[in-house]
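Reviewing the structure listed below.
The values are calculated or read from the model by the stated rules, or taken from the named source; none is laboratory data. Small disclaimer: the values here were computed from a predicted structure and weren't measured. Every residue, glycine among them, receives a Cβ derived from its backbone with ideal geometry; neighbour counts consider all protein chains shown.
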């Protein structure tokens, strides 16, 4: 049994990426999964001046959570074709604490959005950036048109094709970690 840490890169209390993470985490029944909400790990905007004051306790706490996990499930939200400023700031702090804060971590990287591209730009950005910090992207999945294909009430994917695709990705990830 592996320890999996799951979170969305959003600070929104109504994050659709968080809903996707919770769905994915529920699939990992043979592993120990902990789901975090990153808005509980608020940090000041990164700058050299802020770093001179010391690392924020929340950044150190999140770094510790990541170091204790064998694998990560991350759903990145998209703002203007990239990660949100909130998630970028989180990554900036973590990488200043330890450049290789994702060393040896297996990652399932996902994204969703209300649009047909499903946060594809943020997903591709993440696939290029996260390995720089030592992580290995095992699988990735872009979930399009969230509100058309997911029921928040039942916490389930409603589109059969997406159910099959996402479950295949989740199964592959579960077996490769």
Members of segment 11-42 that are within 14 Å of residue 70 (Cβ to Cβ) and surrounded by fewer than 19 Cβ atoms within 10 Å (Cβ to Cβ): 30, 31, 32, 34
Out of 131, 144, 114, sole residue that is in contact with a strand residue (DSSP E or B) (Cβ under 8 Å, 6 or more places away or on another chain), surrounded by fewer than 17 Cβ atoms within 10 Å (Cβ to Cβ), more than 14 Å from residue 83 (Cβ to Cβ) and at pLDDT 95 or above: 131
2 or more residues under 12 Å from the mean Cα position of the chain (by Cα) and at negative phi: qualifying helices (runs of 4 or more DSSP H) within segment 63-177: 85-97, 120-129
Total residues in segment 48-78, condition in contact (Cβ under 8 Å) with a residue 12 or more places away in the chain, out of contact with any strand residue (DSSP E or B) (no Cβ under 8 Å at 6 or more places or on another chain) and closer than 22 Å to residue 10 by Cα: 9
Residue in segment 114-134 that is touching a helix residue (DSSP H, G or I) at 6+ places or on another chain (Cβ under 7 Å), under 19 Å from residue 22 (Cβ atoms) and in contact (Cβ under 8 Å) with a residue 60 or more places away in the chain present: yes
The one condition in (1) surrounded by fewer than 18 Cβ atoms within 10 Å (Cβ to Cβ); (2) within 30 Å of residue 42 (Cβ to Cβ); (3) touching a helix residue (DSSP H, G or I) at 6+ places or on another chain (Cβ under 7 Å) that residue 159 fails to fulfil: (2)
Pick from segment 1-10, criterion over 11 Å from the mean Cα position of the chain (by Cα) and either at pLDDT 95 or above or part of a strand (DSSP E or B) (or both), ranking: surrounded by the most Cβ atoms within 10 Å (Cβ to Cβ): 4
Some residue of segment 27-37 being part of a helix (DSSP H, G or I) and free of Cβ contacts under 8 Å to residues at least 24 places away in the same chain: no
Residue, nearest to residue 171 (Cα to Cα), within segment 38-49, restricted to residues that are touching a helix residue (DSSP H, G or I) at 6+ places or on another chain (Cβ under 9 Å) and not in a loop (DSSP other than H, G, I, E, B): 38
